[in-house]
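Engineer: Have a look at this one.
The values are calculated or read from the model by the stated rules, or taken from the named source; none is laboratory data. Predicted model only: the values in this text are computed from it and were never measured. Neighbour counts are summed over all protein chains in view; Cβ atoms, including those assigned to glycine, are modelled from backbone coordinates with ideal geometry. Quick note on the areas: whole protein, heavy atoms, side chains included, nothing else; ligands and nucleic acids left out. Shrake-Rupley method; radii C 1.70, N 1.55, O 1.52, S 1.80 Å.
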Amino acid sequence: MTMAVDLAPELLEILACPNCHASLAVDHEAEELVCTDPACGLAYPVRDQIPVLLVDEARRPAES
């Protein structure tokens, strides 16, 4: 079984949220990288295994 988002661990270590500079976590189901800062929480799409780290392309977390 392959993961929906298959990025090198070395890459994930250096990637940061362009909005708040917090680290990013992989959401395999949604095929996104999600900001770990609860105050930010933006979700960035991963298209063809390429993270799209543009705030304009990010999705705000759903209100709960």
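Engineer: In the stretch 20-64, which residues are touching a residue at least 24 places away in the same chain (Cβ under 8 Å) and among the small types (Gly, Ala, Ser)?
Structural biologist: Ala58
Engineer: With the checklist (1) surrounded by 14 or more Cβ atoms within 10 Å (Cβ to Cβ); (2) among the β-branched types (Val, Ile, Thr); (3) out of contact with any strand residue (DSSP E or B) (no Cβ under 6 Å at 6 or more places or on another chain) in hand, flag the one item Val5 doesn't pass.
Structural biologist: Only one criterion in (1) surrounded by 14 or more Cβ atoms within 10 Å (Cβ to Cβ); (2) among the β-branched types (Val, Ile, Thr); (3) out of contact with any strand residue (DSSP E or B) (no Cβ under 6 Å at 6 or more places or on another chain) is unmet by Val5, namely (3).
Engineer: Give the residues of the stretch 1-38 that are among the acidic types (Asp, Glu) and part of a helix (DSSP H, G or I), sorted by residue number.
Structural biologist: Across the stretch 1-38, the qualifying residues are Glu10, Glu13.
Engineer: Quick test for you: out of Leu42, Leu12, Leu24, Leu53, pick the one residue that is open to solvent by 30 Å² or more (accessible area, probe 1.4 Å) and within 8 Å of the chain's Cα centre (by Cα).
Structural biologist: Step by step, each of Leu42, Leu12, Leu24, Leu53 is checked, and only Leu53 is open to solvent by 30 Å² or more (accessible area, probe 1.4 Å) and within 8 Å of the chain's Cα centre (by Cα).
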